[in-house]
Amino acid sequence: MTTAAQEFSDGAAYERQMGRWSRKIGVQFLDWCGVAPGQKWLDVGCGNGAFTQEIIAGARPSQVLGVDPSPGQIEFARSRFGVSAATFEVGDAMKLPVADGNFDVAAMALAISFVPNPAEAVVEMKRTVRKGGMVATYMWDFAGGGLPLKPFVEMLKALGVEMKMPPHPEAAGRDALQTIWRAAGLSEIETTVLHTDIAFRDFDDFWDSCSASGPPFVSLAAFTAVQRAELKERGRAIFRTATDGSIAYKSFANAVKGLV
Ligand SMILES: C[S@@+](CC[C@H](N)C(=O)[O-])C[C@H]1O[C@@H](n2cnc3c(N)ncnc32)[C@H](O)[C@@H]1O
């Protein structure tokens, strides 16, 4: 079985795939969180630092620590433009390498469904935040059809390829997030839905970026390069694009925030 660190082993590949959408939704999430400037942030499951960069630009923190189990993502995050205000460490959401009450905010961007035990991770995030601080997350709504990869996953299914799903897609539901936050003992819990437009230049852009990283990359890695090229052409034949060849649709994520 592949681990999350293997699925997301390449920070640059993730950037080609989800980086652009993850940033668009991250900006909305930060706005909704409404955290004052000058706070200390913990970015759990920071991946290649796409959201960390948004925290720095949008929330003007005093410090940010990004934690992710994938060394390849952390390496990319460290090299990312504009993250000199952040530090990064390899680590696990369920065993964060930080002291109790050390942060004003602990946030997890598009990662809760990938963590082996989401409820445990949220309790652990709460442990790292001071009294009155915030614990928050947002995740694509898998069950509700909000995942940007959904059309790609459905096309692969039509071609006979089942894509591996993250271990906890159900944790991304709006009610599920609320239940996890309540069970962790957080207060003043609020949820919202964040929407974004997804667009690809053409089918090549769609295929190449959707298959670059994460579960699609792992699922397609089981095929040879020749088989993957054949699958791509079969996909091109069945996938409906706009008349100019472009692809556009909408995706959405659920968000939750609560206070310690
Ligand atoms: C879809 S990526 C999101 C990355 C980044 N937060 C963003 O918004 O672009 C999911 C991330 O969850 C991370 N992840 C998986 N299991 C984890 C765990 N146990 N603890 C912390 N992060 C984990 C993966 O390594 C990956 O970087």
Is it the case that S22 is at pLDDT below 90, within 11 Å of the ligand (Cβ to nearest atom) and assigned to a helix (DSSP H, G or I)?
yes
Kindly check whether there is at least one residue in the stretch 181-188 that is touching a residue at least 12 places away in the same chain (Cβ under 8 Å), acidic (D, E) and on the phi < 0 side of the Ramachandran plot.
no
Kindly indicate the residue of the stretch 67-86 that is closer than 22 Å to G38 by Cβ and more than 19 Å from the chain's Cα centre (by Cα) and also farthest from the ligand (Cβ to nearest atom) among those meeting that condition.
S84
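Taking the stretch 225-260 as the region of interest, how many residues are in contact (Cβ under 8 Å) with a residue 40 or more places away in the chain, hydrophobic (A, V, I, L, M, F, W, C) and more than 30 Å from G132 (Cα to Cα)?
Initial filter on the stretch 225-260 (in contact (Cβ under 8 Å) with a residue 40 or more places away in the chain): 231, 234-235, 238-239, 245-260.
If we keep only those that are hydrophobic (A, V, I, L, M, F, W, C) as well, we get 231, 238-239, 247-248, 252-253, 255-256, 259-260.
Now drop any that are not more than 30 Å from G132 (Cα to Cα), which leaves 231, 238-239, 247-248.
Selection size over the stretch 225-260: 5.
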Can you pull out the residues in the stretch 122-132 that are closer than 17 Å to K40 by Cα and part of a helix (DSSP H, G or I)?
E124, M125, K126, R127
Qualifying positions in the stretch 220-248 - surrounded by 17 or more Cβ atoms within 10 Å (Cβ to Cβ) and within 17 Å of L147 (Cα to Cα)
I247
Condition broken by A107, with the remaining ones in (1) closer than 15 Å to G26 by Cβ; (2) in contact with a helix residue (DSSP H, G or I) (Cβ under 7 Å, 6 or more places away or on another chain) satisfied:
(2)
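The values are calculated or read from the model by the stated rules, or taken from the named source; none is laboratory data. Treat the numbers as computed from the prediction; the structure is a model and nothing was measured. Methodologically, a virtual Cβ is constructed for each residue, glycine included, from the backbone with ideal geometry; neighbour enumeration extends over all protein chains shown.
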